[in-house]
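Have a look at the structure below before the remarks.
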Amino acid sequence: MIPPTIHTGSKVAKGNMPDTPEKVVISQVLIEERQEHPTRRYLYESIERLLKRPVASFFTSFSAPVMIESSDADMLEGVLQRTDLAKGLALLISSPGGDILAAERIINVCRSYSGTGEYWAIVPSKAKSAATVICFGASKLIMASTSELGSIDPQVAMEGKRFSVHNIVTSYRELFSKAVEEKGNLQPYLQQLANYDAREIAEFQSALELSEDIAVKSLKSGVMTDVSEKEIKKRIKDFLTPRTVKTHGRPIYHDLAKACGLEVDLQDPKGKLWQDVYELYVRLDHWVSTRVDKCIETKDHSFVATLKRGEE
């Protein structure tokens, strides 16, 4: 990964045109063609006026082999340090997920820098896995009917495929239980159990417990302060395991999120706020799909990271 770079954005006047008359036309054309930071500033300004608080975006590519990682919390902190957050923070987030520990750090960064001690999460399209956990840390989720959250159960890559850690642990336990109860021929069970490593199962179990612990504590210290940890776990069970959604990538929409006890502000997809949110999403998604792989920015600053050539 090329080291992240940070840029200070130029002001944008009406019509999406940067207020920099000294800039030659070809430079402006290239900025617009590549959908660089100046083309998005007016959208941040509009959304901030509607929400009455500053907006920061956190986008990771759905097409490049990148994920949420610990360094992203440092990138975000670098941007938030340069932003006046006295009125709070709204985090626009789009990501397929990544490291659960990084998500926990990002929650802490958002709460620590927000002048109100809390933050809102805006989900313009998809905030999956670890990105869903970041949403759990928010005091309010701003969503539309098409916004997607997802399961937070850990996944593991094996032989070129991704498997649910929950399903691996469950299948091992079921086989082991049947083998213990078997009074006759144990050979079929022993053959299947030979495909498992008990040490890996222990690590997988720890990963499940870690994901659950971070999710529950993020909610307990935020939107579900008055709810016991046992009750929180019960409420978010559909996020913790694939039993209901069946597969990790299946969308979890606003209705289930609200039923779990999350504070959901459902927006009219044709309303002014969501029109601006959606346009900003389209521009940022294009940016992290074609030019960079990660982007954390506000109206004034843009922090990006890109894979080195030859690693793509």
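The values are calculated or read from the model by the stated rules, or taken from the named source; none is laboratory data. Small disclaimer: the values here were computed from a predicted structure and weren't measured. Quick reminder, even Gly has a Cβ in these numbers, built from the backbone with ideal geometry, and neighbours come from all protein chains shown.
A few comments on the model shown:
- All conditions but one from (1) assigned by TED's automatic domain parsing to the domain that holds Lys87; (2) over 18 Å from the mean Cα position of the chain (by Cα) apply to Gln192; the one that does not is (1).
- Taking each residue of the stretch 61-74 that is surrounded by fewer than 17 Cβ atoms within 10 Å (Cβ to Cβ) and looking for partners that are hydrophobic (A, V, I, L, M, F, W, C) and in a strand (DSSP E or B) with beta-carbon atoms closer than 9 Å, six or more apart or interchain, yields Ser71/Ala305.
- Of all residues in the stretch 283-312, those that are part of a helix (DSSP H, G or I), of a type in the set (Val, Ile, Thr) and more than 21 Å from Ala90 (Cα to Cα) total 1.
- Only helices (runs of 4 or more DSSP H) whose full extent lies in the stretch 1-94 are considered here, and the ones with at least 3 residues that are modelled with pLDDT of 85 or more are 41-51, 70-80.
- Selection status of Gln205, assigned to a helix (DSSP H, G or I), buried (at least 16 other Cβ atoms within 10 Å of the Cβ) and in the same structural domain as Ile236 (by TED's automatic domain parsing): yes
- The residue list Leu91, Leu101, Leu80, Leu85 contains one member that is within 21 Å of Ser125 (Cβ to Cβ) and either out of contact with any helix residue (DSSP H, G or I) (no Cβ under 7 Å at 6 or more places or on another chain) or in the same structural domain as Lys140 (by TED's automatic domain parsing) (or both), which is Leu91.
- Lone unmet requirement of (1) within 24 Å of His286 (Cβ to Cβ); (2) touching a Ser or Thr at 6+ places or on another chain (Cβ under 9 Å); (3) among the polar types (S, T, N, Q) for Thr116: (1)
- Residue among Leu256, Leu280, Leu262 that alone is out of contact with any Asp or Glu (no Cβ under 7 Å at 6 or more places or on another chain), in the same structural domain as Pro38 (by TED's automatic domain parsing), more than 17 Å from Ser94 (Cα to Cα) and of a type in the set (A, V, I, L, M, F, W, C): Leu262
- Residues satisfying the stated conditions in the stretch 232-256, i.e. part of a helix (DSSP H, G or I), under 21 Å from Leu210 (Cα atoms) and not basic (Lys, Arg): Ile232, Asp238, Phe239, Leu240
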